[in-house]
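I'd like to ask you about the structure that follows.
Read-outs: derived from the displayed coordinates by stated rules, not from any lab. Remember, predicted model here, so these are calculated numbers, not experimental data. Don't worry about glycine lacking a Cβ; one is built from the backbone with ideal geometry, like all the others, and counts go over all protein chains shown.
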Amino acid sequence: MADAGMLRFHVPEPEVRPGGTPDFSNVTIPKAGSVPRPEIDVDPRTIRDMAFSIIRVLNRNGEAVGPWAGLLSDDELLKGLRHMMTLRSFDARMQMAQRQGKTSFYMQHLGEEAVSCAFRKALTPGDMNFPTYRQAGLLIADGYPMVTMMNQIYSNEADPLKGRQLPIMYSSKEHGFFSISGNLATQYIQAVGWAMASAISNDSRIAAAWIGDGSTAESDFHAALVFASTYKAPVVLNVVNNQWAISTFQGIARGGSGTFAARGLGFGIPSLRVDGNDYLAVHAVAKWAAERARSNLGPTLVEYVTYRVGAHSSSDDPSAYRPKAESDAWPLGDPIVRLKNHLIQRGVWSDERHAQAEAEILETVIAAQKEAESHGTLHAGGKPSTRDMFEGVYAEMPPHLRRQRQQAGV
Ligand SMILES: Cc1ncc(C[n+]2csc(CCOP(=O)(O)OP(=O)(O)O)c2C)c(N)n1
Ligand SMILES: [Mg+2]
């Protein structure tokens, strides 16, 4: 045998490092409209190839084509565009607020706006998301007040979570947004458990689990798939593949030659890949998966193929580990530009209206920011009271906490 010497293991390497020329020639992109749309009760064994393709609706000319097109009205698409633009504007202001010392931490969605904004529109009130930190679009698209989000980011006196969560780790039961867990992948098993509980109590609400490419390497992800597939839990299993996990490229968590969607195949779960920068495709696939869950057909695994254009967080500098212009080379484009072009192509939007909407949105975001800042920021103005620290965890406060509260004099 050729290589019977010393053993070695394999460490996957990204194609290009800083200083190199970005290269996505290894990402195979099917034509928009070319992937079929099966019935929701399809036998999963007959659609295994969908875990290796990419469902796309918007083509290069901005037209919506193929069997996944046609679900949304002009009005719904215009709203969707506004949600994504709002999220982008919100992100830019909050990123700046972090640099100004008004909050300790921020995480942007740059390039990934379509995923959470379009997904939200496929759900029904009462459904529950178990998000990670990069799905604030679920809240924006559901009309959650921006001021409340900013209050949480500033940990000020109006923060509904009273300074007890890391900035951006929102929580809103009313808006179907379960408290974010900083411990990655835990939300996947929670979502499956919640979905099973919903079925046990003969409810009609479904759950949506969210995870990033990197975090699928956690055992919680795999444990969740066991329960979801065995018990046919009414859950949509979302994997946002934005190519990076901080400084680690997606090939580390994925390994081998498969895809993240293909992780579902061994469990017999219908597993789809979708163009995450295509608002229409994301919405159509999410709707398909949600309908399956609601019809007692069990889980669907959806991999959103996208790209993290910004830094991982306000504590990260991506130029240390990837070429600066890599995001420009990403072949699936920008989700806002693509929906904008589609709406222009349909004759219901224009560059002028877009610029005007951008200005209006910025004004709304600035007004919300002013209002939030009147309640305080990280180092100035109103703060949650020290007493709040002791509330809201136990129905009945245990003696040791009562003692500590007395010692704190609150
Ligand atoms: C269990 C656990 N391990 C490690 C971390 C530290 N950490 C925070 S974000 C992150 C990267 C996650 O990447 P990915 O899942 O791809 O999500 P993305 O940030 O790209 O949206 C890591 C390693 C953590 N929060 N929890
Ligand atoms: Mg990632």
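Could you work out the local net charge near His354, counting Lys and Arg as +1, Asp and Glu as -1, over the other residues with Cβ closer than 14 Å to its Cβ?
+1
Among Val236, Val27, which comes first, then next, by fewest other beta-carbon atoms within 10 Å? Walk me through the intermediate numbers first.
Values: Val236 30, Val27 13.
Ordered by Cβ neighbours within 10 Å, fewest first: Val27, Val236.
For each of Arg56, Arg205, Arg346, count neighbouring Cβ atoms within 10 Å of the residue's Cβ, then give the residues from fewest to most. Let's see the in-between values first.
Working: Arg56 26, Arg205 20, Arg346 14.
By the 10 Å Cβ count, ascending, the order reads Arg346, Arg205, Arg56.
If neighbour count is taken as other Cβ atoms inside 10 Å, put Val239, Val115, Val365, Val65 in order from fewest to most.
On the way: Val239 26, Val115 31, Val365 22, Val65 17.
The order, fewest Cβ neighbours first, is Val65, Val365, Val239, Val115.
If you add up the charges near Ala262, with Lys and Arg at +1 and Asp and Glu at -1, over every other residue whose beta carbon is less than 15 angstrom from its beta carbon, what do you get?
Net of charged neighbours comes to +2.
Return the distance in nm (one decimal) between the two label points of a simple spin-label model at Ser104 and Arg60, each offset 7 Å from Cα along Cα→Cβ.
4.9
Continuing with the same structure: If I model a spin label at Arg8 and Gln356 as a point 7 Å from the Cα along the Cα→Cβ vector, what separation in nanometres do I get?
It is 6.3 nm.
Please report the base-10 log of the normalised intensity I(q)/I(0) for the chain, using a Debye sum with one equal scatterer per alpha carbon and no solvent, at each q in 0.06 (1/Å).
Scattering profile of the chain, log10 relative to I(0): -0.25.
Another question, then. Using only the alpha-carbon atoms, how far is helix 335-345 inclined from the longest principal axis of the chain? Give it as 0 to 90 degrees, nearest 10.
Tilt relative to the chain: about 70 degrees.
Next question. Can you show me the helix-derived [θ] at 222 nm for the chain, built from DSSP H runs with n ≥ 4 at -39,500 (n - 2.57) apiece and divided by the number of residues, rounded to the nearest 500. Before the final figure, lay out the partial values.
Details: 12 runs with 143 residues, N = 410.
When only DSSP H runs of four or more count, the value is -11000 deg cm²/dmol.
Pull out the extension gain between Ser315 and His379, defined as 0.36 nm times the separation in residues minus the alpha carbon to alpha carbon distance; nm, one decimal.
My answer for the length gained is 21.2 nm.
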